[in-house]
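Data block below; observations after.
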């Protein structure tokens, strides 16, 4: 990405237990991140990018078009902001304080690997539009040996009850998430977004943050 830009974004993806929410909070609270010259930040957690569909999912009232409407609404707003900035001479004049940074926890990749009715072809146009908005992707993974602890044992009773839909034993549940992580990695390879993959089983929270900020260094 050119250093002369109006908008720049980062998606944080990964199956549950990989540390997405921790990384999201770490970025927004990082003194290094908050020293950027442009104060504008649009930061959307998974509640807004995917989980807001949970009630429709329970009622079996979802379709590719409904998923697409949610994703499109967020991308369309970012495109509108960018178009307005493109109409101004600020970038050409070397200004930076008008820049827009956006941070998304989960996005179109989650919609494909989580929902059985979704395919990459349904979200590929979203991926292409995000590429035009200088979006990058940080994919968090964990070792399969950590699945049981991070996904099952470290969670509360309500979550463990939810997990029973994926299997009656810890091994069955772990196998489900192993398939999800593999699918997510495969989806990221199809994306046009510049991508970094970080194994949080092997990195401390501070190391992950440093890697992410270095990857998103143009901000």
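Worth a mention:
- Every condition in (1) outside any helix (DSSP H, G or I); (2) without any contact (Cβ under 8 Å) to a residue 24 or more places away in the chain; (3) within 22 Å of residue 139 (Cα to Cα) holds for residue 52 except the one numbered (1).
- Qualifying residue in segment 94-108 (condition: exposed (fewer than 14 other Cβ atoms within 10 Å of the Cβ) and in contact with a strand residue (DSSP E or B) (Cβ under 8 Å, 6 or more places away or on another chain)): no
- Subset of segment 55-84 [in contact (Cβ under 8 Å) with a residue 60 or more places away in the chain and within 19 Å of the chain's Cα centre (by Cα)]: 78
- The lone exception for residue 34 - which of (1) exposed (fewer than 12 other Cβ atoms within 10 Å of the Cβ); (2) part of a loop (DSSP other than H, G, I, E, B); (3) touching a helix residue (DSSP H, G or I) at 6+ places or on another chain (Cβ under 9 Å) it fails: (2)
- Among the residues making up segment 178-219, a single one is under 16 Å from residue 144 (Cβ atoms) and at pLDDT below 95: 202.
Results for (1) closer than 22 Å to residue 131 by Cα; (2) modelled with pLDDT of 95 or more; (3) loosely packed, with under 15 Cβ neighbours inside 10 Å; (4) out of contact with any helix residue (DSSP H, G or I) (no Cβ under 7 Å at 6 or more places or on another chain), shown as yes or no for each residue.
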| site | (1), (2), (3), (4) |
| --- | --- |
| 40 | yes, yes, yes, yes |
| 61 | no, yes, yes, yes |
| 75 | yes, yes, no, no |
| 83 | yes, yes, yes, yes |
| 110 | yes, yes, no, yes |
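- Selection over segment 182-219 of residues that are over 27 Å from residue 36 (Cα atoms) and in a helix (DSSP H, G or I) gives a count of 9.
A quick yes/no check of all residues on (1) within 19 Å of the chain's Cα centre (by Cα); (2) farther than 19 Å from residue 114 by Cβ; (3) without any contact (Cβ under 8 Å) to a residue 12 or more places away in the chain:
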| site | (1), (2), (3) |
| --- | --- |
| 161 | no, no, yes |
| 169 | no, yes, yes |
| 176 | no, no, yes |
| 183 | yes, no, no |
| 191 | yes, no, no |
| 194 | yes, yes, no |
| 200 | yes, yes, no |
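The values are calculated or read from the model by the stated rules, or taken from the named source; none is laboratory data. Owing to the predicted nature of the structure, the values given are computational and were not obtained by experimental measurement. Methodologically, a virtual Cβ is constructed for each residue, glycine included, from the backbone with ideal geometry; neighbour enumeration extends over all protein chains shown.
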